[in-house]
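J.: One structure follows; several queries about it will come next.
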Amino acid sequence: MSLERADFLCNLCGRRNLDVPRDHVENREFQSCTNCHSSLRMRSLMLALGVELFGSPRALPAFPVDKRIRGIGMSDWDGYALPLAAKFDYVNTFYHVEPKLDIANVPEDRFGTYDFIISSDVFEHIPGFLLDRAFENTRRLLKPGGIFLFTVPFEKTGETREHFPRMHDFRIVEEGGKRVLHNTTKEGEHEVFEDLVFHGGEGMTLEMRMFTEPDLLRRLAAAGFSRSTVRIDNAPHFGVVWPIDYAVPIVARA
């Protein structure tokens, strides 16, 4: 076997992959499983969930069925959302369609009711004036000891860069064949932003910021999480090998 190729058992679908280009396996977003098309990011999330819930890494098909375990996803990928719904009392939620969850405006009767929450590449799309509330509400949704498992693009050092630091009252419109953001600041000033970055999909997918690791850990602590860990877990047999130490999963405990 060439060092540029890899074999792995996908821990989402349980199927074996043979002779896959290693740079595909080690790419955060490349759909490198030939069966379910999971990426490194998705396999890493389920690896961390298995360790946090059951104390050891295991493939998703080997998770026990236990409907006492309650979880929610925020626009989770069907490749793991559907199996999780079969295993646990788990519901995948969305910002724009039912079942809806606006993490910045959560009904109080849902606080303290979940064992785990998964949010993969969602929080970079939340407007800055709602961001701290979103982290706080995520913590409130969890039972004591509950798990917040999430990913966002982030850099290892430095300060988070807000793309729209005075975002307040905004709308995105089509102008001249491209999308343009119009914002009215709290002071009443009008701003126009072009060259926007969207991450695909429906709903609110505009990239609002580039996080950094120190800022993320500070925000999680301020939101009331007792412990947050950057998880650079490597499990080559499951196709989980991180060539980078940033933009990896983070696990926060309530």
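The values are calculated or read from the model by the stated rules, or taken from the named source; none is laboratory data. Only a predicted model underlies this, so the values are computations on that prediction, with no experimental measurement involved. Every residue, glycine among them, receives a Cβ derived from its backbone with ideal geometry; neighbour counts consider all protein chains shown. Ligands, DNA and RNA are stripped out before the accessible areas are found, and what is left, the full protein with its side chains, is counted by its heavy atoms. Shrake-Rupley method; radii C 1.70, N 1.55, O 1.52, S 1.80 Å.
J.: Using only the alpha-carbon atoms, how far is helix 40-54 inclined from the longest principal axis of the chain? Give it as 0 to 90 degrees, nearest 10.
T.: 70 degrees
J.: State, to one decimal in nm, how far the label point of THR205 lies from the label point of SER226, with both points 7 Å from Cα in the Cβ direction.
T.: It is 3.8 nm.
J.: Okay, moving on. Can you list the residues of region 176-190 with backbone N under 20 Å from a point 7 Å past the Cα of ARG161, pointing along Cα to Cβ?
T.: 181
J.: What order do VAL152, VAL122 take when sorted by accessible area (1.4 Å probe), most exposed first?
T.: VAL122, VAL152
J.: Along the principal axes of its C-alpha atoms, what lengths does region 53-101 span, in descending order and rounded to whole Å?
T.: Sorted largest first, the three principal extents are 35, 21, 16 Å.
J.: Compactness ratio of region 48-151: Cα Rg over 2.2 N^0.38 Å, N = residue count?
T.: 1.04
J.: Report, to the nearest 10°, how far helix 78-87 tilts away from the longest principal axis of the Cα atoms in the chain, using its own Cα long axis and a range of 0 to 90°.
T.: 70 degrees
J.: Carbon and sulfur: what percent of the chain's accessible surface (1.4 Å probe)?
T.: The nonpolar share, carbon plus sulfur, comes to 51 percent.
J.: Under a point spin-label approximation (7 Å from Cα along Cα-to-Cβ), what is the HIS96-LEU130 distance to one decimal in nm?
T.: 1.3 nm
J.: With the contact rule set at Cα under 8 Å and sequence spacing of 6 or more, what percent relative contact order holds for region 101-231?
T.: 27 percent
J.: Separate question: From zero up to wherever the largest Cα-Cα distance of region 7-46 sits, split into 5 Å bins and tell me the percent of pairs in each.
T.: Result returned by the calculation: 6, 30, 41, 22, 2.
J.: With the radius of gyration and the Kirkwood radius both derived from the Cα set of the chain, what is their ratio Rg to Rh?
T.: Here the Rg-to-Rh quotient is 0.98.
J.: Just to make sure I understand: if all protein chains stay in place, what is the order of ARG166, ARG110, ARG231, ARG171 by accessible area at 1.4 Å, largest first?
T.: ARG171, ARG166, ARG110, ARG231
J.: Along the charge dipole of region 192-254, Cβ charges K/R +1 and D/E -1, which of PRO236, MET208, GLY224 sits furthest on the positive end?
T.: It is GLY224, whose Cα lies furthest towards the positive end.
J.: Another one. Lys and Arg at +1, Asp and Glu at -1: add these up for the other residues within a Cβ distance under 13 Å of LYS67 and post the number.
T.: 0
J.: Counting residues in region 1-98 as N, plug N into 2.2 N^0.38 Å and put the Cα Rg over that result.
T.: Its radius of gyration relative to the 2.2 N^0.38 Å reference: 1.14.
J.: A follow-up question, please. Given 25 °C and 0.890 mPa s, how large is the Stokes-Einstein diffusion coefficient of region 124-224 in µm²/s, with Rh as the Kirkwood radius over Cα pairs?
T.: Translational D for this selection: 162 µm²/s.
J.: Using only Cα atoms, find the angle between the long axis of helix 213-222 and the longest principal axis of the chain, and express it within 0 to 90 degrees, rounded to the nearest 10.
T.: The answer is roughly 80 degrees.
J.: Can you pull the one-decimal nm distance between simple spin-label points at LEU82 and ILE244, each 7 Å off the Cα toward Cβ?
T.: For the pair LEU82/ILE244, the computed spacing is 2.9 nm.
J.: Still on this structure, I have one more. Could you list, bin by bin from short to long, the percent of Cα-Cα pairs of region 182-246 in 10 Å steps?
T.: In order of increasing distance, the bins hold 14, 24, 37, 18, 6, 1 percent.
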